[in-house]
Amino acid sequence: MRHPHFFKARRLMEVIVGFLIAATVGLTGMGGGSFTTPVLVLLVGLPTAEAVGTALIFAAVLRMFAAPFYIARRHIHGKYLGLLLIGAVPGLLLGTWLLHFMYVESWKSAVLVIVGVLLAVSSAITFLPRLRNPKFAQRQSRWLSLLALPIGVETGFSSAGAGALGTVLLLNYSEMPVAQVVGTDLLFGIVLAFIGGAFHLAWGSINGGALLRLLMGGIPGVLIGCAFANKVPGRKLRPAIALIAIALGLQLVYTGGRGILQEHRRSVENITQRAVTARGTSR
């Protein structure tokens with residue numbers, strides 16, 4: 001039985017982690033789902049679906065506090081936001097349904113691996129050479145909806161994607177300045193997080209206690225991050241944030257892969273035991 005001090009320390013850790021994640025979201029516009037889901041799985045010990053649902057609600061609330069800063073500065077592109085949502089919302093519903101459908105006991109380890117891969121890959125895109133085409137969104141704006149579809153799928157399945165992938169898409173394929181990209185992507189993430197979170201809430205895959213403690217640290221963290229967003233070079237912070245997210249994603253892959261191996265060994269042992277028992281009975 002674990003000592004009561006263990007649970008107190010873990011609750012305090014959730015508050016501190018919520019503050020740190022929220023500060024990065026306020027400073028750079030990314031890191032919410034990419035950090036929160038693996039932290040809730042690896043450090044807090046939540047099941048994957050519960051971690052994704054809790055991370056979505058957490059990210060939505062953080063972005064709600066950050067959004068007024070960008071709206072007041074008129075850093076939102078309404079047309080591009082609408083086009084992104086047209087493609088991403090159906091993808092979000094598909095990704096959320098897939099996670100719920102796959103989350104049975106036999107798939108738990110596989111889901112961990114998939115979520116880890118998605119988190120690592122979406123964060124690694126930050127380091128890809130930029131194939132910039134700033135006029136693309138102006139000339140082929142309808143393609144934004146199609147490109148947003150897989151972002152929605154990933155957000156529904158892993159809670160990540162809206163921040164990292166949405167920012168990369170808008171930075172490289174629109175004429176918007178960085179501040180407007182961050183503001184537009186922030187509102188994009190709010191809508192996806194609230195829709196996805198509503199489904200997880202209906203399914204009961206939200207941990208209210210963990211969410212409350214994350215928000216206790218997260219709300220002041222995001223406000224501080226937004227206040228310093230113009231003073232701290234967010235572009236220089238993004239690679240460091242992406243590296244941490246990649247490491248957390250790979251850790252999920254390792255944990256899930258180890259679980260798959262253990263399940264395989266148990267399955268082989270069970271088959272062997274049945275074969276030995278059958279031979280003994282036949283004699």
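The values are calculated or read from the model by the stated rules, or taken from the named source; none is laboratory data. Small disclaimer: the values here were computed from a predicted structure and weren't measured. Using ideal geometry, Cβ is built from the backbone for each residue, glycine included, and neighbour counts are taken over all protein chains shown. Only protein heavy atoms, including side chains, enter the accessible area calculation; ligands, DNA and RNA are left aside. Shrake-Rupley method; radii C 1.70, N 1.55, O 1.52, S 1.80 Å.
Length, then width, then depth: along the principal axes, the Cα atoms of segment 139-205 run 42, 23, 15 Å.
Cα centroids of segment 40-63 and segment 72-105: 17 Å apart.
In order along segment 212-220, the Karplus-derived 3J(HN,Hα) couplings, from 6.51 cos²θ - 1.76 cosθ + 1.60 at θ = phi - 60°, round to 4, 5, 4, 6, 4, x, x, 5, x Hz, and Gly and Pro are given as x. Considering all C-alpha pairs of segment 28-72, those separated by over 13 Å amount to 54%.
Sorting the segments 86-95, 66-75 by their residues' average number of neighbouring beta-carbon atoms within 10 angstrom, most packed first, yields 86-95, 66-75. Under 16 Å of direct C-alpha separation, and excluding same-chain neighbours fewer than eight residues apart, K79 reaches these aspartates and glutamates: E175, D185. Sorting the segments 203-216, 38-51 by their mean number of nearby beta carbons within 10 angstrom, highest to lowest, gives 38-51, 203-216.
Rolling a 1.4 Å probe over the protein heavy atoms leaves I271 with an accessible area of roughly 100 Å².
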